[in-house]
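No lab work stands behind these numbers, since they all come straight from the coordinates. Please read all numbers here as calculations on a predicted model, not as lab measurements. Please note: Cβ atoms are built from the backbone with ideal geometry, for glycine as well, and neighbour counts cover all protein chains shown.
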Amino acid sequence: MSFSLKHLLCSSLQHRLSSYTRLTRLPSSPLTNTTRSLTTTPPTKMRLPYVLNPPPTSSEAEQAIVDRITARRAPRPLQPLDLTLLHSPPLADGWNSFLGAIRTQTLLPADERELAISRVAVCNGAWYEWHHHAPLAVQAGVSEGEDGLGVVKRQEPLLIEEGDQKRGGLNERQWAAVCLTDEMTRNVKVRDETFEKVRGLFSEREVVELTAIIACYNCVSRFLVALDVGERNGTGPDDAAH
């Protein structure tokens with residue numbers, strides 16, 4: 001048999017074997033995909049898959065972390081943010097401890113705290129954050145209308161000296177809180193006139209707590225937006241119904 005005929009036959013045989021191999025592998029792909037969809041909770045467009053719920057753990061220490069986060073969330077279930085952070089249990093544990101202190105161990109009134117967090121959400125386009133915290137501001141007594149949350153939803157910078165014209169129904173402390181939030185979030189540095197106004201309205205402990213809340217939720221919002229946790233990046237304050 002000539003070399004060229006042998007070469008032709010071998011090439012034909014290799015092509016058929018390759019085709020057969022691909023065909024025999026086809027049934028395994030749907031099974032693999034089906035298994036993945038059954039073990040990924042919930043189905044998501046987020047940039048990473050959420051961990052399973054309840055989260056799997058590999059040690060008693062990791063289970064204790066899950067238990068602490070679950071206890072802080074109770075009576076609510078674990079949230080998408082938790083199921084993202086739990087890719088790294090030690091990180092999730094530290095986050096839970098810090099956020100727990102911010103939310104439950106500060107003296108700053110709830111309305112001012114939630115207004116500051118909501119303004120961070122607006123400045124950073126963190127609508128998952130807005131969806132969770134704007135309703136808490138309303139529960140704390142902030143109007144849901146244009147003279148309350150409507151002020152917080154404005155896209156332009158909020159300047160402390162424009163309070164008489166632009167603060168709507170917000171009181172002086174609430175307006176100072178959202179203006180401090182605006183400057184910290186947009187510019188990092190805070191103008192002297194803004195800080196002096198805040199310093200005159202809040203105690204030293206309250207200034208520290210308000211500043212920490214704003215800084216903390218800037219961290220939270222950047223994490224949420226970067227990974228699109230909760231799949232809210234394509235919405236807005238009015239789309240994120242509350």
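Things to note:
- For the pair Gln105 and Glu196, label points projected 7 Å from Cα toward Cβ lie 3.5 nm apart.
- Region 59-156 - Rg and Dmax from Cα coordinates, angstrom: 15.4, 51
- Where Rh is the Kirkwood radius over Cα pairs, Rg/Rh for region 141-223: 0.94
- Inverse mean reciprocal Cα-Cα distance (Kirkwood Rh) of region 95-147, Å: 11.5 Å
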